[in-house]
Structures are given as structure tokens and as C-alpha cells.
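Trainee: I have a structure I would like to understand better, so I am pasting it below and will then ask my questions one at a time.
The values are calculated or read from the model by the stated rules, or taken from the named source; none is laboratory data. Quantities reported herein were computed from a predicted structural model and do not represent experimental measurements. Cβ sites come from the backbone with ideal geometry, for glycine too, and all protein chains shown count toward neighbours. Remember, those area values only see protein heavy atoms, side chains included, never the ligands or the DNA or RNA. Shrake-Rupley method; radii C 1.70, N 1.55, O 1.52, S 1.80 Å.
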Amino acid sequence: MPDMDKRPAGSLIVILGPSGSGKDSILDYARERLAGRDDILFVRRAITRPAHDMSEDFVPTTEREFEAALSAGHYCFHWCANGLRYGLPQSMLSFVRDGGLAVVNGSRAAYPAMCDLFPAVRSVLVRVDGSVLRERLRARGREDEAEIEARIVRAATYLDAIEPDFVIDNSGSLETSGNRFVSHVLDVARPQDARG
């Protein structure tokens, strides 16, 4: 854990939402459109699972590799969720400490601890209509009907755990949701630009 006397001076946007809400698609959309910005970092998480096509851009890591990286101090923050381990690179902390804006795919369980580490955290909740979420989960084919219904129930409780700073309804087109997210990221980054 980093020295709290050297807490970051920049900002962190944590995008949150239930599985199937479209967080990864929105992040990919924003990453492409903000690729020329050197003051905005889209963070690649290390995750203890193999790479596959239907997934976010992450660093696939075995349990052994994750533990070794953790012991070596390569992660500034880590957590466990759904049987997987997630790690954020030290480079992210350095970037934010230098005044940059980092954007990361987060977890509602880990979010309170992120707020302890990063003083300027903004949460973005991606929500989606239950019927749309159900169809998206069916289309990706990872869960059976009982698991899908359980995810629908969990999705409905998301706002019980988090009071987001910004909400995006991703029940419609990716372009609409993606542009809303890009605009929000730029709004957060703009004060940093002014420091010049």
C-alpha cells in the first residue's frame, strides 16, 4: 500500500455496473476517441483469467504470476471478486500522483477502499433496463437462465451499495452512451488542462 503522505494529486474515474451492462464497450469507445490525450490514462487491469475475445482489454495473469507481482509491489491496488483477483498497476498511481486522470473498470465491493487511496474519485454507474440486460446476457451465452435471473436481481441492487457521481443509461445505442461518457471524462479532465 502506498505512503498516504504521498497521496495522488490527480483524479480517478471508476466505471461501475452489473455484468452485461456494457462497461467494457463504453470504455473501448472512449479509449479510441481520447487516444490523443496524454493527460488521460485508460488503465489495463491484471486479472487471473485467460484472455478471450468477448472481454475487456486486460492483462491475463495466472494465480502464481499475480501473487509474484503482488509480492514485488507491482500493484498499487488489488481486490477479489467472483473468484478472480484484480490488480491495478503502480504506473497508474504515479500517473495520478503527477496530476493525471486515470479511468478504470472497477468493482462496487472495492470502491470504498479506492476512495480511501485516491482522494479525488468519481464513480460512473452504467445501468441498463432489465429486459435489455437479460437479452445481452443470453446473447453472450455464458450463463444459464437461473444464473441470468440472479444477475438481473443483483443488478437491481447496485444503487443500494453505491451513490454514483454520474449515471449512464446504456439501454440504447453505444454511440449515445459512449459520447456521454467521453463528455464526462473531458469535463473531469478540463481543470487539469487549465494547470497548463
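Trainee: With N denoting the number of residues in segment 80-196, provide Rg(C-alpha) divided by 2.2 N^0.38 Å, to two decimal places.
Mentor: 1.23
Trainee: Which trypsin sites (Lys or Arg not before Pro) does segment 89-196 hold that lie in a coil by DSSP with at most 13 other beta carbons within 10 Å?
Mentor: Answer in residue order: Arg142.
Trainee: From the helices alone, meaning DSSP H stretches of at least four residues, give me the mean residue ellipticity at 222 nm for the chain, per-run term -39500 (n - 2.57), in deg cm²/dmol to the nearest 500.
Mentor: -13000 deg cm²/dmol
Trainee: So which DSSP H runs in the chain come out at 24 Å plus along the axis (Cα) with average Kyte-Doolittle of at least -0.5?
Mentor: none
Trainee: Report the Stokes-Einstein translational diffusion coefficient (µm² s⁻¹, integer) for segment 131-183, Rh taken as the Kirkwood radius over Cα pairs, at 4 °C with viscosity 1.567 mPa s.
Mentor: 102
Trainee: Can you give the convex hull volume per residue for the Cα atoms of the chain, as a whole number of Å³?
Mentor: Looking at the chain, the number lands at 118 Å³ per residue.
Trainee: Using a probe of 1.4 angstrom, how much of the accessible area of the chain is carbon and sulfur, in percent?
Mentor: Within the chain, the accessible surface is 50 percent carbon and sulfur.
Trainee: With the other protein chains left in place, how much accessible area per residue, in square angstrom, belongs to the chain at a 1.4 angstrom probe?
Mentor: 51
Trainee: Quick one: give the max-minus-min coordinate of the C-alpha atoms of segment 49-97 along each principal axis, largest first, in Å.
Mentor: Largest to smallest, the principal-axis extents are 32, 21, 16 Å.
Trainee: Using +1 at the C-beta of Lys and Arg and -1 at the C-beta of Asp and Glu, which of Val59, Ile13, Leu88 has the Cα lying farthest in the positive direction of the dipole of segment 8-129?
Mentor: The residue sitting farthest along the positive end of the dipole is Ile13.
Trainee: Moving to a separate point now. Just subtract the alpha-carbon distance of Leu70 and Asp169 from 0.36 nm times their residue separation and send over the number in nm, one decimal.
Mentor: 32.1 nm
Trainee: Sticking with this structure for a sec: What do you get for GluC sites (Glu not before Pro) in segment 74-149 restricted to DSSP loop and a cutoff of at most 16 other Cβ within 10 Å of the site's Cβ?
Mentor: Answer in residue order: Glu143.
Trainee: Over what distance in Å are the Cα centres of segment 55-114 and segment 19-40 separated?
Mentor: 17
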